[in-house]
1. For the range 37-76, how many residues meet the condition of being part of a helix (DSSP H, G or I) and more than 17 Å from Gly22 (Cβ to Cβ)?
2. Considering only residues that are more than 17 Å from Gln73 (Cβ to Cβ) and outside any loop (DSSP other than H, G, I, E, B), look in the range 14-36 and name the one that is modelled with the highest pLDDT.
3. Taking only the range 19-41 into account, find how many residues are surrounded by 17 or more Cβ atoms within 10 Å (Cβ to Cβ) and either in contact (Cβ under 8 Å) with a residue 24 or more places away in the chain or under 13 Å from Ala59 (Cβ atoms) (or both).
Amino acid sequence: MPEETALDATLLSLLACPQDKGPLLLVRASGGESLLYNPRLRRAYPIENGIPVLLVDEARDATDAEHEAFTGQHTTA
């Protein structure tokens, strides 16, 4: 069973992308892990042991398919 990652809604509302300072989406990747996703830059930030890793060097680019899947999880992307 994948590790559940529950970020408090208040914490999520305070977190911002370190690159463009905009809001992030909490999404679930195909492997089951949770990520914080910036749909504007198409960058995904990992969450390790329940802690968001908001370092530009730790983010990865999302593929077109991932972008569609991630933004499809949210109606306000």
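The values are calculated or read from the model by the stated rules, or taken from the named source; none is laboratory data. The shown structure was predicted, so the numbers you read here are calculated from the model rather than taken from an experiment. Virtual Cβ from ideal backbone geometry, glycine too; neighbours counted across all protein chains shown.
1. Going through the range 37-76 one residue at a time, the tally reaches 8.
2. Ranking the qualifying residues of the range 14-36, first place goes to Ala16.
3. Counting residues in the range 19-41 that are surrounded by 17 or more Cβ atoms within 10 Å (Cβ to Cβ) and either in contact (Cβ under 8 Å) with a residue 24 or more places away in the chain or under 13 Å from Ala59 (Cβ atoms) (or both) gives 9.
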